[in-house]
1. Residue under question is residue 268, and the condition is that it be more than 25 Å from residue 376 (Cα to Cα) and of a type in the set (Asp, Glu); does it hold?
2. Is at least one residue of the range 397-404 more than 30 Å from residue 465 (Cα to Cα), in contact with a His (Cβ under 8 Å, 6 or more places away or on another chain) and not basic (Lys, Arg)?
3. Can you name the residue in the range 322-347 that is buried (at least 21 other Cβ atoms within 10 Å of the Cβ) and charged (D, E, K, R) and is also nearest to residue 480 (Cα to Cα) among such residues?
4. Which of the following residues is surrounded by fewer than 24 Cβ atoms within 10 Å (Cβ to Cβ), out of contact with any strand residue (DSSP E or B) (no Cβ under 6 Å at 6 or more places or on another chain) and among the aliphatic types (A, V, I, L, M): 207, 221, 255, 161?
5. Being under 14 Å from residue 186 (Cα atoms) and either among the polar types (S, T, N, Q) or at pLDDT below 95 (or both) is the filter here, so list the residues in the range 125-165 that pass it.
6. Quick one: would you say residue 260 is in a loop (DSSP other than H, G, I, E, B), within 20 Å of residue 359 (Cβ to Cβ) and out of contact with any helix residue (DSSP H, G or I) (no Cβ under 8 Å at 6 or more places or on another chain)?
7. Which ones in the range 118-163 are under 15 Å from residue 102 (Cα atoms), assigned to a loop (DSSP other than H, G, I, E, B) and hydrophobic (A, V, I, L, M, F, W, C)?
8. Just the residues that are in a strand (DSSP E or B) and buried (at least 18 other Cβ atoms within 10 Å of the Cβ), please, taken from the range 263-274.
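The values are calculated or read from the model by the stated rules, or taken from the named source; none is laboratory data. Quantities reported herein were computed from a predicted structural model and do not represent experimental measurements. Cβ sites come from the backbone with ideal geometry, for glycine too, and all protein chains shown count toward neighbours.
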Amino acid sequence: MTSHTPRGLRRLSLAGFAATAATLVAVASAPTPALAAEIPGVDEIVHSDNLTQLANVPKSAAFSQLNSDLAFQGKYAFSGNYNGFVVYDISVPTAPAVVSEVLCVGAQNDISVLGNLLFLSTDSSRSDDSCNSTALPASDKNAWEGIKIFDITDKAAPKYIKSVETNCGSHTHTLVPSKKDVYVYVSSYSPSSTYPDCLPPHDAVSIIKVPLSKPTDAAVIAAPNLFPDGGNPGGNGSSSTTGCHDITAYPAKKIAAGACMGDGILLDISNPEAPVVTERVRDLTNFAFWHSASFNNAGTKVVFTDELGGGGLATCNPEIGPNRGADAVYDLAGGKLEFKSYFKIPRENAFNENCVAHNGSIIPAFGRDILVQAWYQGGVSVWDFTDSANPVELGYWERGPLSATGTATGGSWSAYYYNGLIYSNDIAKGFDVLKLDDPRTNSAAAVRFSELNVQTQPQYPACDTVLRDASRGISAKRGVTCVDGGTIRGKVEVSRGATLLAYGATVAGDVRVTGGGTFSLLDSSIAGDVWADELAQVYVAGNRITGDLDVHDTAGAVVISGNTIGGSLECEYNKVAPVNDGVRNTVDHREPGACAEL
């Protein structure tokens, strides 16, 4: 395979950028930015009161190249780097531990995981598909680039098991799971007549089918053309479309959103082997490079990002303004996208700080649409787009520039929320763990994922009812009931088919949940017993329960962690062995059985 230009941080030409910037002066004025004197010093950390750092793990010498994307599974985080990937144990958030480092050069090593498989994107021309390959020019027909697959059954010793070469390489990739297979949508772009394996026109996505029972049989099965008309021709500051930079799939809704250079698209992925473009939008005024996309949980909104300058330029300043290098919020109804607003961080960055909208994920707070997002040296921002037309920032965390005088590429490449915390992969400074403590977002901790690849967006229980108080208890017979820090003056009964998520609740009575989906009870006080029977999964953590806790016949994961239980703890007939996530429960009386050691 071949490669076009060095991939990774793709830049607009400085001349082209200067011309673009000159046209931006007339754009509507930005929110009042930070004064230049308020820009933090070199490596100085500034943050809002609600977002603080718990830990940082610097890069090792072998991983001196750029950090890239992140993926998560159980107690592990997987960190991509242009030189390979690192596996972290994140079970102790204040002290993440390196489990393994795998050297496998091939920018940008975009990363994802599924079960015992890990996938890496190679988007730079290599001498072969090995992890010991050397660089070759893009014009060499013998060069290789594409997808690498690892077996991560043993997190301490991942095994490279398969490679799949793809036309134009793999800048990013997206997993679309099915029952027996996983499909890998490979995004790549920028063909050239001098690249034998990446000739124009290239408006396709390569689709790799990976049989889960035999992943070594993985192969490209299709390469549908998403832009038969050639896509956006470019000009006026917008990019010419020659493929997609990134695709975010939402398998539960059978849709995907593609950020494709000069175009934003929606895809029907009902047949994952033959995705169909159903909607396309352009922004010829403010969007230079459509970079990535996120759905809200309901699938009624899409946030697209504009990576103006390719991630290598300073765009967070008054000269560029609030609408370039920003996010665009679109409502999605009846299959149509309607633009509603832009969002950009309100803080001014230094002249030598690369800063622009980049990778982020949804924070599953009850009843809200909230995104955490990386902005390179602009840091990490948390913002609320529940009101599509009026997004607002809720918090931020930022390092000062890498240099007081020179230009150096750095900052947060990806910032993602996973099971109660925010993880950021800083290009230069390593792996950061952040804690968001805000009444508007804390309820998100009640939503747990066993695995997270942000570009394969998971669906979580959507609150049909959000309660903060109930004078006579709760009797839920259908839908999803969410209790967000409220006082329930009576018992809670959840019938078969209904779901209960509770964070910070005070319940004056028993809690009984039977025959439903997810049951999550976090940081709550229960004056009575808690009974969970025949559920899909159970997460009970950090609670004070005066009576018994009984968990029976759960089909999926059971986490019982850090509770103080005044009665007994009993677990029977659960299909998956219950765990305590490393935090033991304080129990007055331990019954024999699966939970005896929790």
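1. When the stated conditions are applied, residue 268 passes them.
2. Yes, the conditions are met somewhere in the range 397-404.
3. Restricting to residues being buried (at least 21 other Cβ atoms within 10 Å of the Cβ) and charged (D, E, K, R), the top hit is 327.
4. Exactly one of 207, 221, 255, 161 is surrounded by fewer than 24 Cβ atoms within 10 Å (Cβ to Cβ), out of contact with any strand residue (DSSP E or B) (no Cβ under 6 Å at 6 or more places or on another chain) and among the aliphatic types (A, V, I, L, M), namely 255.
5. Of everything in the range 125-165, just one residue is under 14 Å from residue 186 (Cα atoms) and either among the polar types (S, T, N, Q) or at pLDDT below 95 (or both), namely 163.
6. no
7. Of everything in the range 118-163, those that are under 15 Å from residue 102 (Cα atoms), assigned to a loop (DSSP other than H, G, I, E, B) and hydrophobic (A, V, I, L, M, F, W, C) turn out to be 131, 152, 156, 157.
8. 263, 264, 265, 266, 267
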